[in-house]
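This report concerns only the one structure given below.
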Amino acid sequence: MKIKKLVLSLLGATVAASGILAAPAMAAEEQFFPMLVYRTGPYAPSGIPVANGFRDYYTMLNKRDGGINGVMVTFEECETQYNTKLGVECYEKLKGKGTHGATLVNPFSTGITYQLIPKAPVDKVPILSMGYGRTAAADGSVFQWIYNFPTTYWSQASAFINYVAQQEGGHDKLRGKKIAHVYHNSAYGKEANPTLGVLAEKYGYKLTLLAVDHPGQEQKATWLQIRKLRPDWVFMSGWGVMNQVAVKEAAAVNYPMDRFVGNWWSGSDADVIPAGKASKGYKSAALHHPGTKFRVHDDILQYVYNGDTEEAKKNNFGEVLYNRAVLNAMFGSEAVRTAQAKFGKKAMTGEQVRWGLENLNLTEQRLDELGMNGFTRPVKISCSDHESGGPILIQQWDGQKWNIVSDWIPTMRDVVRPMIEKAASEYAKENNITPRNCG
Amino acid sequence: MEMLHAFFVAPFQEMWEFPLFLAEVVINGLLTGVMYSLVALGFVLIFKASGVFNFAQGVMVLFAALTLVGLMEKGVPVWLALILTMVVMVALAFAVERFMLRPLVNQEHIILFMATIGLTYFLEGFGETLWGSNVKPLDVGIPSASFDFHGLLLNEFDLFAAGIGAALVAGLAIFFHKTPVGRALRAVADDHQAAMSVGIPLRTIWIIVWSVAGIVAMVAGIMWGAKSGVQFSLSLIALKALPVLILGGFTSVPGAIIGGLIIGVGEKVAEIYWGPLVGGAIENWFAYVLALVFLFFRPQGLFGERIIERV
């Protein structure tokens with residue numbers, strides 16, 4: 001027995017001395033980003049450009065800059081089919097990969113985000129639900145691990161009302177107007193309802209809520225109601241096939257397309273192209289510019305596609321949802337860079353990245369350095385504010401491409417922020433969370 | 001009291017006050033119903049001939065539409081793409097008979113049903129591998145303008161779809177009742193053993209019926225695909241056909257049509273007049289409630305064959 005122990009000890013010592021055991025510590029550090037994608041299933045037309053945008057931005061970072069401050073970016077896709085159960089499975093599968101586990105997670109689904117919210121503080125993996133998910137998470141005193149900048153559904157709804165007011169000639173002109181909200185009958189689709197309701201009371205417009213059941217392939221009843229109601233404006237929170245059918249049905253009841261405005265998940269290329277000529281004039285909200293006119297696109301084209309525009313286009317280069325993923329990937333990598341400035345130029349843990357997210361300050365100068373000046377607006381996150389309440393743009397489809405047709409439209413922070421704090425406080429009570437002091 | 005009034009009086013008052021709008025709702029319901037019937041027909045054909053509920057019918061709609069639009073994207077003219085898609089659907093019928101049905105001859109219907117579930121997932125994956133998952137616009141030249149007809153707003157596309165549905169039903173009725181193959185199909189539907197004993201080849205009949213169901217799926221795929229673009233969610237349209245089948249009966253072609261019309265009108269009227277009272281989006285489940293109410297009185301559906309088993 002003693003001989004056996006001696007042999008084992010000797011073997012152990014030899015192995016340790018030879019450096020085999022130390023090998024993992026010597027391996028190049030990597031910053032791992034899990035990618036929850038949906039390249040198949042009913043929402044694939046929206047999921048494909050998003051997945052391609054993330055992949056291309058990370059690839060470009062590695063090729064152009066050698067990663068983030070010398071730490072190579074790695075990523076792995078896991079197919080969720082936009083299914084919440086599969087999304088959670090993917091998260092569990094990927095959260096431990098990389099040098100220190102997942103950097104952060106972009107669920108790209110409100111349903112998956114809701115399921116991951118309680119897991120984030122336990123696993124110490126921050127969630128970046130950019131412009132989707134639980135709006136109340138904008139209150140960082142309750143939701144320490146969740147970030148939903150640059151703006152939320154509630155802020156978006158308030159900006160839409162500001163846009164309508166602009167078009168009608170002032171907020172006082174909203175009184176007596178009729179506004180309909182056509183929404184996907186899901187947690188996501190209903191998000192804008194409370195804000196639109198509060199603003200209806202404030203400004204005196206008549207709000208009609210029209211739900212459309214998943215998947216939204218058949219909407220005749222909804223649009224017959226629109227035809228009868230004749231609202232002055234229609235706002236839509238749709239997703240997937242619901243958007244294409246809605247655009248076509250709106251045209252079928254002769255609803256003026258320039259008064260039909262989708263939210264930022266109802267304004268991709270896949271939403272309008274299948275509807276053909278019917279979609280001309282349709283509008284939607286946007287967090288960023290469409291197209292490929294920014295320097296970041298030049299870099300992606302050069303480093304990822306070797307200048308082959310045709311190949312890039314096959315991968316949705318410059319489409320609305322592709323650009324959204326580029327923006328999202330940039331936010332994540334900049335959070336890592338912010339964290340590295342404090343903790344050192346090495347692979348960051350989830351906890352350090354959370355600090356990076358909370359201290360993110362993307363100025364116009366920084367956006368310019370990233371090749372994204374004008375592409376989006378500056379963002380500054382704090383302990384209490386995880387949203388930053390950024391303004392939105394309105395884009396319009398001309399039959400060939402999306403064009404920006406507005407300036408940046410401000411949100412109604414005075415209305416939305418108290419609602420967020422109230423909802424966050426209720427969540428904290430329900431879940432026995434003691435809000436932290438953000439000073 | 002107020003609630004009772006809202007549910008049982010106000011909707012009828014509204015119908016009375018705005019008869020033109022009610023007419024528009026009913027007409028649109030009828031036209032939507034025809035679209036549902038197009039999908040339901042495929043189920044009926046296969047169930048009639050083999051007693052198998054073909055779970056894959058919805059995916060066949062998607063697969064046919066994907067094939068058509070995929071060929072068109074490759075520059076094949078519409079007429080040729082239509083013919084080639086038909087050829088693909090007939091080839092699929094041969095493959096289904098050879099690799100799925102033949103090895104399962106004389107098995108329980110539930111086994112065959114489960115095999116069609118397998119076929120569903122295979123076709124889903126195969127279709128996406130072959131043609132991709134992106135949404136594809138489908139334009140085969142069907143007009144889609146809306147026009148005013150005595151105060152009613154009608155859409156050319158919906159009317160065209162109704163015409164196609166009517167032509168398809170007429171064609172199928174002639175096929176089933178006036179041709180030898182149709183008679184053989186009916187014989188197989190009535191009694192497999194008896195049909196085989198008089199020399200009707202069961203396998204050939206299965207190929208024919210799956211081919212016809214495939215072509216019907218193609219027509220349904222074109223009509224629905226032209227509305228929303230060809231994409232994965234087309235396969236979910238089968239869910240809309242299910243209440244139509246429950247109501248119309250699984251073995252009746254006219255039942256699929258009448259069932260579709262009743263479901264179409266019923267769900268639209270319910271959604272518009274009663275939906276707002278309960279938060280809306282009731283048409284999907286209301287179609288099933290309507291079908292179940294009919295089922296309560298006629299378990300075999302409106303036109304289904306009554307099953308009598310003697311002990």
**Message:** Consider the range A:402-439. How many of its residues are among the basic types (Lys, Arg) and without any contact (Cβ under 8 Å) to a residue 24 or more places away in the chain?
**Reply:** 2
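Which ones in the range B:212-256 are within 14 Å of chain A (Cβ to nearest Cβ), aliphatic (A, V, I, L, M) and in a helix (DSSP H, G or I)? I'd like the intermediate steps shown before the answer.
Applying the first criterion (within 14 Å of chain A (Cβ to nearest Cβ)) to the range B:212-256 yields B:220-244.
Next, from what is left, pick out any that are aliphatic (A, V, I, L, M): B:220, B:222-223, B:226, B:230, B:234, B:236-239, B:241-242, B:244.
B:Ala220, B:Ile222, B:Met223, B:Ala226, B:Leu234, B:Leu236, B:Ile237, B:Ala238, B:Leu239, B:Ala241, B:Leu242, B:Val244 - these are the residues of the range B:212-256 that are within 14 Å of chain A (Cβ to nearest Cβ), aliphatic (A, V, I, L, M) and in a helix (DSSP H, G or I).
How many residues are more than 30 Å from the chain's Cα centre (by Cα) and more than 10 Å from every other protein chain (Cβ to nearest Cβ) if we restrict to the range A:207-225?
Residues of the range A:207-225 more than 30 Å from the chain's Cα centre (by Cα): A:220-221, A:224-225.
Then keep just the ones that are more than 10 Å from every other protein chain (Cβ to nearest Cβ); that gives none.
Matching residues across the range A:207-225 total 0.
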**Item:** Residue in the range B:130-150 that is surrounded by the fewest Cβ atoms within 10 Å (Cβ to Cβ), counting only those that are more than 12 Å from chain A (Cβ to nearest Cβ) and more than 26 Å from B:Leu234 (Cα to Cα)
**Value:** B:His150
**Item:** A:Pro274, sole failed condition from (1) assigned to a helix (DSSP H, G or I); (2) more than 8 Å from chain B (Cβ to nearest Cβ); (3) crowded, with 23+ Cβ neighbours inside 10 Å
**Value:** (2)
**Item:** the range B:211-225, residues that are surrounded by 24 or more Cβ atoms within 10 Å (Cβ to Cβ) and either farther than 30 Å from A:Tyr43 by Cβ or modelled with pLDDT under 90 (or both)
**Value:** B:Val212
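Residue-wise test of (1) over 21 Å from A:Ser186 (Cβ atoms); (2) in the same structural domain as A:Gly47 (by TED's automatic domain parsing).
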{"site": "A:Ala200", "(1), (2)": "yes, no"}
{"site": "A:Pro215", "(1), (2)": "no, no"}
{"site": "A:Thr222", "(1), (2)": "no, no"}
{"site": "A:Asn243", "(1), (2)": "no, no"}
{"site": "A:Ala246", "(1), (2)": "no, no"}
{"site": "A:Ala250", "(1), (2)": "no, no"}
{"site": "A:Pro256", "(1), (2)": "yes, no"}
{"site": "A:Ser268", "(1), (2)": "no, no"}
{"site": "A:Val304", "(1), (2)": "yes, yes"}
**Message:** Can you confirm whether B:Val25 is modelled with pLDDT under 90 and of a type outside the set (Ser, Thr, Tyr)?
**Reply:** no
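Being surrounded by 12 or more Cβ atoms within 10 Å (Cβ to Cβ), of a type in the set (Gly, Ala, Ser), more than 12 Å from chain A (Cβ to nearest Cβ) and touching a helix residue (DSSP H, G or I) at 6+ places or on another chain (Cβ under 6 Å) narrows it down to one of B:Gly70, B:Gly118, B:Gly127, so name that one.
Values: B:Gly118 fails: touching a helix residue (DSSP H, G or I) at 6+ places or on another chain (Cβ under 6 Å); B:Gly127 fails: more than 12 Å from chain A (Cβ to nearest Cβ).
Going through B:Gly70, B:Gly118, B:Gly127 in turn, just one is surrounded by 12 or more Cβ atoms within 10 Å (Cβ to Cβ), of a type in the set (Gly, Ala, Ser), more than 12 Å from chain A (Cβ to nearest Cβ) and touching a helix residue (DSSP H, G or I) at 6+ places or on another chain (Cβ under 6 Å): B:Gly70.
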**Message:** One residue is enough: does the range B:162-170 have a residue meeting the conditions within 14 Å of another protein chain (Cβ to nearest Cβ) and more than 30 Å from A:Asn315 (Cα to Cα)?
**Reply:** yes
**Prompt:** Quick one: what pairs do we get from the range A:89-118, first residue basic (Lys, Arg), second surrounded by 20 or more Cβ atoms within 10 Å (Cβ to Cβ) and in a loop (DSSP other than H, G, I, E, B), C-beta under 9 Å, 6+ apart or different chains?
**Reply:** A:Lys95/A:Ala102; A:Lys95/A:Val125
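Within the group A:Thr110, A:Thr103, which residue is among the β-branched types (Val, Ile, Thr), at pLDDT 95 or above and over 21 Å from A:Phe317 (Cα atoms)? Outline the logic, then answer.
Numbers: A:Thr110 fails: at pLDDT 95 or above.
That would be A:Thr103, the only listed residue that is among the β-branched types (Val, Ile, Thr), at pLDDT 95 or above and over 21 Å from A:Phe317 (Cα atoms).
Starting from residues that are outside any loop (DSSP other than H, G, I, E, B) and within 7 Å of chain A (Cβ to nearest Cβ), keep the ones in the range B:276-297 and report whichever is nearest to B:Asn28 (Cα to Cα).
Taking the range B:276-297 first, the residues outside any loop (DSSP other than H, G, I, E, B) are B:276-278, B:283-297.
Next cut, within 7 Å of chain A (Cβ to nearest Cβ) only: B:283-284.
On the way: B:Glu283: 14, B:Asn284: 16 Å.
For the range B:276-297, the residue satisfying everything is B:Glu283.
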**Message:** Checking A:Gly318 against (1) surrounded by 19 or more Cβ atoms within 10 Å (Cβ to Cβ); (2) among the small types (Gly, Ala, Ser); (3) in contact (Cβ under 8 Å) with a residue 60 or more places away in the chain: exactly one of these is not met. Which one?
**Reply:** (3)
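Checking the conditions here, which among B:Ile46, B:Ile83, B:Ile27 is free of Cβ contacts under 8 Å to residues at least 60 places away in the same chain and either farther than 20 Å from B:Ser228 by Cα or surrounded by 16 or more Cβ atoms within 10 Å (Cβ to Cβ) (or both)? Steps first, answer last, please.
Working: B:Ile46 fails: free of Cβ contacts under 8 Å to residues at least 60 places away in the same chain; B:Ile27 fails: free of Cβ contacts under 8 Å to residues at least 60 places away in the same chain.
Testing whether each residue is free of Cβ contacts under 8 Å to residues at least 60 places away in the same chain and either farther than 20 Å from B:Ser228 by Cα or surrounded by 16 or more Cβ atoms within 10 Å (Cβ to Cβ) (or both) leaves just B:Ile83.
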**Message:** Looking at the structure I just gave you, is A:Thr195 within 14 Å of chain B (Cβ to nearest Cβ), surrounded by 24 or more Cβ atoms within 10 Å (Cβ to Cβ) and in a helix (DSSP H, G or I)?
**Reply:** no
**Item:** Unmet criterion (only one of (1) surrounded by fewer than 16 Cβ atoms within 10 Å (Cβ to Cβ); (2) out of contact with any Pro (no Cβ under 7 Å at 6 or more places or on another chain)) for B:Glu156
**Value:** (2)
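Residues in the range A:284-306: is at least one within 14 Å of chain B (Cβ to nearest Cβ) and either surrounded by fewer than 24 Cβ atoms within 10 Å (Cβ to Cβ) or within 24 Å of A:Leu393 (Cβ to Cβ) (or both)?
Restricting attention to the range A:284-306, the residues satisfying the condition of being within 14 Å of chain B (Cβ to nearest Cβ) are none.
Checked the range A:284-306: no residue is within 14 Å of chain B (Cβ to nearest Cβ) and either surrounded by fewer than 24 Cβ atoms within 10 Å (Cβ to Cβ) or within 24 Å of A:Leu393 (Cβ to Cβ) (or both).
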**Request:** For residues that are facing another protein chain (nearest Cβ under 9 Å) and either aliphatic (A, V, I, L, M) or in a loop (DSSP other than H, G, I, E, B) (or both), tally how many sit in the range A:243-271.
**Result:** 6
**Message:** Can you tell me which of (1) without any contact (Cβ under 8 Å) to a residue 12 or more places away in the chain; (2) farther than 23 Å from A:Gly41 by Cβ is the one A:Ile273 doesn't meet?
**Reply:** (2)
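Conditions tested, residue by residue: (1) at pLDDT 85 or above; (2) not in a helix (DSSP H, G or I).
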{"site": "B:Ala166", "(1), (2)": "yes, no"}
{"site": "B:Gly171", "(1), (2)": "yes, no"}
{"site": "B:Ala189", "(1), (2)": "no, no"}
{"site": "B:Gln193", "(1), (2)": "no, no"}
{"site": "B:Met196", "(1), (2)": "no, no"}
{"site": "B:Ile200", "(1), (2)": "yes, yes"}
{"site": "B:Ile208", "(1), (2)": "yes, no"}
**Asked** Among the candidates A:Ser425, A:Ser406, which residue alone is among the small types (Gly, Ala, Ser) and more than 19 Å from A:Gly267 (Cβ to Cβ)?
**Response** A:Ser425
**Asked** Scanning for something charged (D, E, K, R), surrounded by 15 or more Cβ atoms within 10 Å (Cβ to Cβ) and modelled with pLDDT of 95 or more, does the range A:424-439 turn up at least one residue?
**Response** no
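The values are calculated or read from the model by the stated rules, or taken from the named source; none is laboratory data. The structure displayed is predicted, hence computed values, not measured ones. No Cβ is skipped: glycine too gets one built from the backbone with ideal geometry, and neighbour counts run over all protein chains shown.
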